[in-house]
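Working notes, structure below.
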2 protein chains.
Amino acid sequence: MGKDDVKLLTMWASPFCMRVKVALAEKEIAYEEIQENDLLTCKSDLLLTSNPVHKQVPVLFHDDKPICESTNIITYLDEAFPAKPLFPECAYGRSRARFWADYIDRKVHPAGRAIWSTKEKDEVEAAKNNFLEIMKYLDGTLGDKDYFNGDKFGFVDILLIGLTTWFPAYEKYGDFKLEDHYPKLAAWITRSWARETVSESLTSPEKITNIVIMLRKMHGLE
Amino acid sequence: MGKDDVKLLTMWASPFCMRVKVALAEKEIAYEEIQENDLLTCKSDLLLTSNPVHKQVPVLFHDDKPICESTNIITYLDEAFPAKPLFPECAYGRSRARFWADYIDRKVHPAGRAIWSTKEKDEVEAAKNNFLEIMKYLDGTLGDKDYFNGDKFGFVDILLIGLTTWFPAYEKYGDFKLEDHYPKLAAWITRSWARETVSESLTSPEKITNIVIMLRKMHGLE
């Protein structure tokens, strides 16, 4: 594996980049990180040419071939680097992991954004309730297990843990505590953050909350 | 493979069900089809218990184990029944197929719906232009190839071909012809429909257009 050339084009506040970094760390794949400086005003030529459809980070380069979209990248990494697999072994287990991956990708981040991107009290309340309803199913499928697939931190855990960096901002503006509603899910967050592969790959929630405060100011919400 | 018990819970107008039927036909997997009678007013207990999160068809049952979400089902079929593979063999090719699958799943059907679900002329015009912009990228990645992955009808073709049953309704209400804009993509539709696995699995566009007329009447648009 030492001869593979792996680079990751990232932006530090993106939870989708963070989850790829967790996957690379879990699989012990060495890589070079290239930071996009300022996604809001000026996208690099490297980003525009390697992801012309979505123009979004992260982009992984494996021996100079670009792979886009974080969930797709992590699936690719698990196929191209078979050691330390992230997916369950059996086809049915893999289908369950993809099902929850899709659920997380479609719902969690937009639902969280809806909480902090308004100052209308009833909109905040509705957004908070919607977010908690989405979390209910994740709490249910986690159940009493340590991780989503059992006792091994894997694909679904990696996809969700990157997004949790934004959760304290949702709690702040939605005026709730996740652990009051779903203590098992909250314990999963603490348990996952205790892993070095996670804590060293994720941006601190404090820095993310400061980004949210800045974004709210930009949009006249504070 | 003869001993596998495969059932598919479907609804005849759903393009997401149709694509699974194409995949089953391409892979020559025998199955029993179970029709949901009327998704709009009454969902069956089988659907509600086997897909409690989304409550949507299609649901595949393999030896009684349910698998939900059409793209996930087709990926599962390709893993559980390795003969006649739908995915490219190499990890990079597979990542490209998943990238376009995600693009199709997120964009095509909602963009088409926006064309026929309004009677405001400027909204129709904007929706048509958006739909054509989405098709532009698909036309570009197809290029001069017979199928999306080359000369073999595969995963991306299957995901898109199911959705094309609704295209004549988009053309009717958007007042355009896809082939005037993207002749190669239109030729791909004709080429794909000439396959028995496709034509015998898909509901005729005429029946779909009649559904759209009915839906527009229900919403006071005709």
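The values are calculated or read from the model by the stated rules, or taken from the named source; none is laboratory data. In this text, all values refer to a predicted model and were calculated from it rather than measured experimentally. Here the Cβ is made from the backbone with ideal geometry for all residues, glycine too, and neighbour counts use every protein chain on show. The protein model used for the area step is the full one, side chains on, heavy atoms only, and it has no ligands, DNA or RNA in it. Shrake-Rupley method; radii C 1.70, N 1.55, O 1.52, S 1.80 Å.
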Can you give the Kirkwood hydrodynamic radius of the protein assembly as shown from its Cα pairs, in Å with one decimal? 23.5 Å
Below 8 Å between Cα atoms, with a sequence gap of 6+, how large is the relative contact order for chain B in percent? 24 percent
For the range A:1-74, what is Rg from Cα atoms divided by 2.2 N^0.38 Å, rounded to two decimals? 1.03
Among residues other than A:Ser50 whose Cβ falls under 14 Å from its Cβ, what is the net charge (Lys/Arg +1, Asp/Glu -1)? 0
Nm distances between the label at B:Asn129 and the same-position labels in the remaining copies, 7 Å along Cα→Cβ, shortest first? 3.8
Report the semi-axes of the equivalent ellipsoid for the range B:90-183 in whole Å, largest first, where each axis is √(5λ) for an eigenvalue λ of the Cα gyration tensor. 26, 13, 11
Percent accessible area from carbon and sulfur atoms, the protein assembly as shown, protein chains only, probe 1.4 Å: 51 percent
Can you list which of the trypsin sites (Lys or Arg not before Pro) found in the range A:1-100 are DSSP loop residues with at most 10 other C-beta atoms within 10 Å? A:Lys3
Take every DSSP beta bridge whose two residues both sit in the range A:6-80, then give the antiparallel share in percent to the nearest 5. 70 percent
Below 8 Å between Cα atoms, with a sequence gap of 6+, how large is the relative contact order for the range A:49-166 in percent? 21 percent
Between B:Lys172 and the same site in the other copies, what are the distances in nm, shortest first, taking label points 7 Å from Cα along the C-beta direction? 5.3
Note to self: C-alpha centroids of the range B:110-188 and the range A:129-143 sit apart, in Å, by 36 Å
Place a +1 charge on the Cβ of each Lys and Arg in the protein assembly as shown and a -1 charge on the Cβ of each Asp and Glu, then give the dipole magnitude about the Cα centre in debye, rounded to the nearest 20. 460 debye
Once Rh is set to the Kirkwood radius over Cα pairs, what Stokes-Einstein translational diffusion coefficient, in µm²/s, holds for chain A at a temperature of 4 °C and a viscosity of 1.567 mPa s? 71 µm²/s
Could you report the buried accessible area between B and A, both sides summed, computed with a 1.4 Å probe and given in Å² to the nearest 100? 2300 Å²
Would you mind listing the distances between the A:Ala83 label point and the same position in each other copy? Use 7 Å along Cα-to-C-beta, nm, one decimal, shortest first. 3.7
Dipole of the range B:107-222, positive end: most advanced residue of B:Leu163, B:Pro110, B:Leu215 [Cβ charges, Cα centre]: B:Leu215
